[in-house]
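Bear in mind these aren't lab numbers, they're just calculated from the coordinates by the rules spelled out. Source: prediction; values computed, not measured. Heads up, the Cβs are rebuilt from the backbone with ideal geometry, glycines too, and the neighbour counts pull from every protein chain shown.
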Ligand code: 5GP
Ligand code: MG
Ligand code: MG
């Protein structure tokens, strides 16, 4: 197929729709945290990289930014669904308010593992900011820490989506919108 965009069957959220929602989320965060207790934003690599980049540039606070990576294999059996940390924090989160930034919450396994990890590192609160949420797919109910809040961009129908940081087989992250691939592209 010739162009990147010709691989997409449906666009669920356009570049402008995402941009508006990201600005709203950033203002909410800017209002909820004061400059004295400004948060550490921890992006979950790789999928959150574009969302994180757009989000932080709209936050009006002196925040820190870091990344973690969680692989969904490991920690024993394949069916356990327990992710393994494969990139650790650089910033010390002890006594800090942390906002975990995710592209999409699906089963909830990744987030519940990462929240527990941040709590064990002494974060005084853990919030989650996810661009997309697929609540119908949830298997694990994740528990926020302290006064932590769930910031959610959009509720996503049960499709496998790509773009705006999200991949299929490491491709399509560079699409400026979120969409669904044509069935032949999943092969
Ligand atoms: P979990 O099931 O642990 O909540 O989600 C783990 C990760 O799977 C998400 O952070 C995301 O990176 C990936 N994921 C879940 N649903 C989708 C989807 O529809 N599209 C893409 N590209 N990745 C997804
Ligand atoms: Mg992710
Ligand atoms: Mg992926």
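For the reader, a short list of remarks on this structure follows.
- With 0.36 nm allotted per residue and the present C-alpha distance subtracted, the residue 69-residue 187 stretch has 39.9 nm of extension available.
- Relative contact order for the chain, counting Cα pairs under 8 Å that sit 6 or more residues apart, in percent: 24 percent
- Size check on region 15-66: the Cα extents along the three principal axes, sorted descending, read 33, 23, 12 Å.
- Where labels lie 7 Å past Cα in the beta-carbon direction, separation of residue 94 and residue 53 in nm: 3.4 nm
- Spatial separation of Cα centroids for region 93-162 and region 20-45, in angstrom: 14 Å
- Rounded to 5, percent antiparallel among DSSP beta bridges of the chain: 35 percent
- Among 102, 24, 170, the order by Cβ neighbours within 10 angstrom, fewest to most, reads 170, 24, 102.
- With all projection directions averaged, the alpha carbon convex hull of region 103-184 covers 6.1 nm².
- Panel order for 8, 29, by other beta carbons found within 10 Å of each beta carbon, from fewest to most: 8, 29.
- You can think of it this way: the chain between residue 139 and residue 23 has 38.8 nm of extra reach, that is 0.36 nm per residue less the Cα-Cα gap.
- Cα radius of gyration and Dmax for the chain (Å): 16.4, 52
- Residues 110, 31, ranked from the fewest to the most other C-beta atoms within 10 Å, line up as 31, 110.
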